[in-house]
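Working notes, structure below.
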């Protein structure tokens, strides 16, 4: 159906069209100069040394785990309230994802106490996800990792330019991974980025990105090399220059986009203040975030009531979503027999309301009035 207010809307205009056309005219459409420009610009905006453009964030997570030595028989601590790719990437390496609960209904990020209690002799890494662009308790996470000799990977898919105590998310752990999927803050259709402050990590990830080959086609075409060797078992995780060109334009728009999202979030908080039956996660958070989504959690509810609320909103022309089904409940993972009370309640009772920079106050007021009326 056509929604009066969709969940998300692309922040695209003629700039993205021109950027793609320029790449087509250049006749170099695979990994090339636009990839390098995107990598350098993104890394600079985060204040970190190295960025590596990839096909998607799942590839970034996979490479991060591989480069940090995660493999068969290892365990990686992960949240369950996340997109399934966070856990799937662990499985790709032959390791086992160990699922942890969230901190609370107000804080939907991974619970550091649960992380600490989940560390075993087989634990190799902690993979956190900054839900909605809001930071995990990275002081505790890094303290736990440091005391046990563990690596930390940040799934920052939701969090470009989000901050934790003055540091950009994705730059605090050993490796940060970002998504440029079509509904993210930075949209290239498909795409992602791995960032790190380690030259060794960057060099290995770059090698694995393209079949373990010592040089890329673009480098050879420019006379920088005439041959190549294959020195490792790599993958085809390269981004093409058409998507990279879109990403460069999107990066230029990102600061203004995030300012508008912040204003929309403030409007939501004002309109939902005092609303009965609603928890607004991260309501008291005052740091700078990307505000990727606006989640609410219904109180004293169940999945049937949540779906009835969503259906009523849809009938009013308001598109909603759920972030996320609990990963540990999926058929591929439910052999683990995990019980995560807070995660399961949120998975059954969370509703994601529309949030994008093209919204205005009247849209938010319309949504909030409908939410309050339905819950009454």
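Details
- Inter-centroid distance (Cα atoms) of segment 228-290 relative to segment 325-349, Å: 25
- Note: relative contact order over segment 14-250, using C-alpha pairs below 8 Å and six or more positions apart, is 27 percent.
- Each Cα pair under 8 Å and six or more residues apart adds its separation to the average, and for segment 254-375 the resulting relative contact order is 39 percent.
- Note on 314, 328: ascending count of other Cβ atoms within 10 Å places them as 314, 328, the fewest first.
- Note on the chain: Cα Rg divided by 2.2 N^0.38 Å, N the number of residues, gives 1.00.
- Ranked list, fewest to most other Cβ atoms within 10 Å of each Cβ, for 340, 194: 340, 194
- Its residue count N fixes a reference of 2.2 N^0.38 Å for segment 32-84, and the Cα radius of gyration divided by that reference is 1.41.
- Rg followed by Dmax, in Å, when segment 43-166 is reduced to its Cα trace: 13.7, 37
- Along principal axes, Cα extents of segment 50-108, largest first, whole Å: 34, 28, 19
- Structure-based [θ]222 nm, the chain - -39500 (n - 2.57) summed over DSSP H runs of at least 4, per residue, nearest 500: -12500 deg cm²/dmol
- Put simply, the convex hull of the Cα atoms in segment 254-375 casts, on average, a shadow of 8.6 nm².
Only the coordinates and a few stated rules stand behind these numbers; no lab work does. Computed from a predicted structure; not experimentally measured. So basically every Cβ, Gly included, is an ideal-geometry build from the backbone, and we count neighbours across all protein chains shown.
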